[in-house]
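Peer 1: Here you go, one structure.
Please treat every number below as a calculation from the coordinates, not as lab data. Everything quoted here is computed from the prediction, not taken from an experiment. FYI the Cβ positions are ideal-geometry reconstructions off the backbone, even for glycines, and counts take in every protein chain you see.
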Amino acid sequence: MAKSEREAVVLFKERLLKAVSGENIIYVISEPDHIELLPDGAIRILVYADIDTIKERFKVRMHGNLPAPVAQMLEKKHGMFDGGTYDYRLDGVNGDAASLCAELRDRC
């Protein structure tokens, strides 16, 4: 698609911009510097959970064993998006994702 990372970023930002008023894209961001790729008008949703829940979910994915370096990485990164501005905040443990999806569908 692109010959360089810089070109790929430009193309991706263009695609995200088109998605604001056209076909929707769900873009899961796991690094804070990727937030700058979002265009004006993008709907921003923070899905959050407590650190113990996140660790347990990773442990299940890793077949019952959560290595110490992974646990430390999760602890270090936990909450790194908390200070941002979001259109919606969804509790990833007790929140109602179906209701949020319905609201988003009605909004678009």
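Peer 1: Pick out the one residue from Leu46, Leu17, Leu11 that is of a type in the set (A, V, I, L, M) and in contact with a Lys or Arg (Cβ under 9 Å, 6 or more places away or on another chain). If you could, list the steps in order and put the result at the bottom.
Peer 2: Values: Leu17 fails: in contact with a Lys or Arg (Cβ under 9 Å, 6 or more places away or on another chain); Leu11 fails: in contact with a Lys or Arg (Cβ under 9 Å, 6 or more places away or on another chain).
Answer to the selection: Leu46.
Peer 1: Here's another thing I want to ask about it. If only one of Ile43, Ile51, Ile29, Ile35 is touching a strand residue (DSSP E or B) at 6+ places or on another chain (Cβ under 9 Å) and at negative phi, which one is it? Please lay out each step first, then the result.
Peer 2: Values: Ile51 fails: touching a strand residue (DSSP E or B) at 6+ places or on another chain (Cβ under 9 Å); Ile29 fails: touching a strand residue (DSSP E or B) at 6+ places or on another chain (Cβ under 9 Å); Ile35 fails: touching a strand residue (DSSP E or B) at 6+ places or on another chain (Cβ under 9 Å).
After ruling out the rest, the residue left standing is Ile43.
Peer 1: While we're here: Just give me the residues in region 49-78 being closer than 15 Å to Glu31 by Cα and touching a residue at least 24 places away in the same chain (Cβ under 8 Å), in sequence order. Steps first, answer last, please.
Peer 2: Step one: of region 49-78, the residues closer than 15 Å to Glu31 by Cα are 73-78.
Matches in region 49-78: Glu75, His78.
Peer 1: Let me ask you something else. Restricting to region 14-48, what's the tally of residues that are of a type in the set (Lys, Arg) and in contact (Cβ under 8 Å) with a residue 40 or more places away in the chain?
Peer 2: Step one: filter region 14-48 for residues of a type in the set (Lys, Arg), giving 15, 18, 44.
So of that shortlist, the ones also in contact (Cβ under 8 Å) with a residue 40 or more places away in the chain come out as 44.
Counting residues in region 14-48 that are of a type in the set (Lys, Arg) and in contact (Cβ under 8 Å) with a residue 40 or more places away in the chain gives 1.
Peer 1: With the checklist (1) under 18 Å from Leu100 (Cβ atoms); (2) in contact with a Lys or Arg (Cβ under 7 Å, 6 or more places away or on another chain) in hand, flag the one item Leu74 doesn't pass.
Peer 2: Of everything listed in (1) under 18 Å from Leu100 (Cβ atoms); (2) in contact with a Lys or Arg (Cβ under 7 Å, 6 or more places away or on another chain), Leu74 misses just condition (1).
Peer 1: Still on this model: Just checking, how many residues over region 82-108 are among the aliphatic types (A, V, I, L, M) and within 21 Å of Ile35 (Cβ to Cβ)? It would help to see each step written out before you state the result.
Peer 2: Taking region 82-108 as the starting set, the residues that turn out to be among the aliphatic types (A, V, I, L, M) are 90, 93, 97-98, 100, 102, 104.
Still in the running and within 21 Å of Ile35 (Cβ to Cβ): 90, 100, 104.
Residues flagged as among the aliphatic types (A, V, I, L, M) and within 21 Å of Ile35 (Cβ to Cβ) within region 82-108 amount to 3.
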